[in-house]
Amino acid sequence: MFQIKSIDLIEINLPLVHFFETSFARTYERRIILVRVEDAHGGEGWGEVTCGESPGYSDEWTDSAWVTVEKILAPMVIGKEFASASDVWDAMKWARGHRMSKAGIETACWDLEARKLGVPLWRHIGGTNNEIECGVSIGIQDSVEKLFQKIQTELDAGYRRIKIKIAPHWDYDVIKQVRAKFGNILLMGDANSAYTLGDIDLFKRMDEFELMMFEQPLSHEDMLDHSKLQREIKTPICLDESVKSPEDARKAIELKACRIINVKLGRVGGHAQAKLVKEVCQTAGIPIWCGGMLESGIGRAHNIAMSTLEGFTLPGDVSASKRYWHEDIIEPAVEITESGTIIASENPGIGFEVQRDRIRKLTVRKSEVR
Ligand code: OSB
Ligand code: MG
């Protein structure tokens, strides 16, 4: 039981160690919204809004999320008594869409509740596997040679699965060279909706690479064309952008639009919604894994917690802080073991110390809603 007294929105600007390029944008610096919720007894919880800097991945982006949380969502939860963090989603249900904005608040409430109970967040949401398998997502590079170097670095670090971003100028020939150089590593390609059904022959040809999956090859809202493509190719399709809710997951599976689903905590609206997506997939025998949005340590800690749920059977895009940031905003930084795993912390809540001084230095704007 808790009552939210105030919600702080904090925008920090955090430069990436290396630019990250997808089929839709190249990012050098993240503009991240952190959400801090405080209850009537001084308890606090931290969450992160995981949207990008521009509406290239989804329709939410930093500035739209800021006003949405500040003007619409925060007022919906402030002052309310919640029996449990699992009820926070319903309090914001009236507002359509904006799932990443909602997740910023919702995940912060889960952290608050876990801290109050003195238990690790991952246990509190029902996680069972304290050691999660990690993969990496490697953006489009300026040359294949650069990509080789990056892949080698990550394999040396112990990561279990390599995802490369693909796009029409960076697909067949690149994957062919990666396969020739690295052999049968666990490899997959993420297109972020860069293709259409007109590219079906290309995908058929790429079957020869025996990738683990093609992530979101077609339109960000599509399921029907994905099911047509999946019927024609051997490589499993994994949906990312197209699955925003448990209902979407059910429909995608029913349509046979994919054989795997990437679950992103923000995209689906927070921990309670993610658990429902997980249940839909488990029931249908669809493997899932935790996707990433170049999160700061706070969002990353929430991703780790979600990844401990039963059903997250494939390595996720959850990797070490140092791949993204010179210095993270949590202590200790997220690190992986030599065998490419992350061990979930036994500390209460998200399990990491939030570095307030560092956040203060990185803050470009702040709003307190009460
Ligand atoms: O499609 O999974 C994606 C990053 C930003 C937007 C979309 C995606 C990604 C990633 C990076 O692939 C995953 C990560 O390392 O956080
Ligand atoms: Mg993706």
Candidate set: the range 207-218, residues that are outside any loop (DSSP other than H, G, I, E, B) and out of contact with any helix residue (DSSP H, G or I) (no Cβ under 9 Å at 6 or more places or on another chain); chosen: the one surrounded by the most Cβ atoms within 10 Å (Cβ to Cβ): GLU215
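Matching residues to (1) within 19 Å of ASP8 (Cα to Cα); (2) not aliphatic (A, V, I, L, M):
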residue	(1), (2)
GLU81	yes, yes
SER86	no, yes
ALA91	yes, no
ARG99	yes, yes
THR107	yes, yes
ARG115	yes, yes
GLY118	no, yes
GLY126	no, yes
ASN129	no, yes
Enumeration of residues in the range 99-139 that are assigned to a strand (DSSP E or B) and either touching a residue at least 40 places away in the same chain (Cβ under 8 Å) or among the basic types (Lys, Arg) (or both): PRO120, GLU131, ILE132, GLU133, CYS134, GLY135, VAL136, SER137
Within the range 281-327, considering residues that are of a type in the set (Asp, Glu) and surrounded by 23 or more Cβ atoms within 10 Å (Cβ to Cβ), the one farthest from ligand 1 (Cβ to nearest atom): GLU295
Yes/no for ILE151 being β-branched (Val, Ile, Thr), closer than 19 Å to GLU338 by Cβ, modelled with pLDDT of 95 or more and not in a strand (DSSP E or B): yes
Residues (within 21 Å of VAL334 (Cβ to Cβ) and out of contact with any Lys or Arg (no Cβ under 8 Å at 6 or more places or on another chain)) located in the range 122-150: TRP122, ARG123, HIS124, GLY127, THR128, ASN129, ASN130, GLU131, ILE132, LYS150
Residue match in the range 183-191 (condition: away from ligand 1 (no atom under 16 Å from the Cβ), in contact with a Leu (Cβ under 9 Å, 6 or more places away or on another chain), hydrophobic (A, V, I, L, M, F, W, C) and under 30 Å from LEU309 (Cα atoms)): yes
Tally of residues being within 11 Å of ligand 1 (Cβ to nearest atom) and surrounded by 21 or more Cβ atoms within 10 Å (Cβ to Cβ) across the range 31-53: 3
Matching option when the condition is within 14 Å of ligand 1 (Cβ to nearest atom) and either touching a helix residue (DSSP H, G or I) at 6+ places or on another chain (Cβ under 8 Å) or outside the structural domain of PHE24 (by TED's automatic domain parsing) (or both), among GLU154, GLU145: GLU154
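To keep it simple, each residue is scored yes or no on (1) within 18 Å of GLY79 (Cα to Cα); (2) modelled with pLDDT under 95.
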position	(1), (2)
THR22	no, no
TYR28	no, no
LEU34	no, no
VAL37	yes, no
ALA40	yes, yes
VAL49	no, no
Cross-chain or 6+ apart pairs with Cβ under 8 Å, the range 337-362 first and of a type in the set (Lys, Arg), then at pLDDT 95 or above: ARG358/GLU327; ARG358/ILE329
When residues of the range 219-254 are limited to those that are in a helix (DSSP H, G or I) and of a type in the set (Gly, Ala, Ser), the one surrounded by the fewest Cβ atoms within 10 Å (Cβ to Cβ): SER227
Lone unmet requirement of (1) away from ligand 2 (no atom under 16 Å from the Cβ); (2) buried (at least 22 other Cβ atoms within 10 Å of the Cβ); (3) closer than 22 Å to ASP240 by Cα for ASP199: (2)
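The values are calculated or read from the model by the stated rules, or taken from the named source; none is laboratory data. Note that the structure is a prediction, hence the values are computed from the model and not measured. We place every Cβ from the backbone using ideal geometry, glycine too, and count neighbours over all the protein chains shown.
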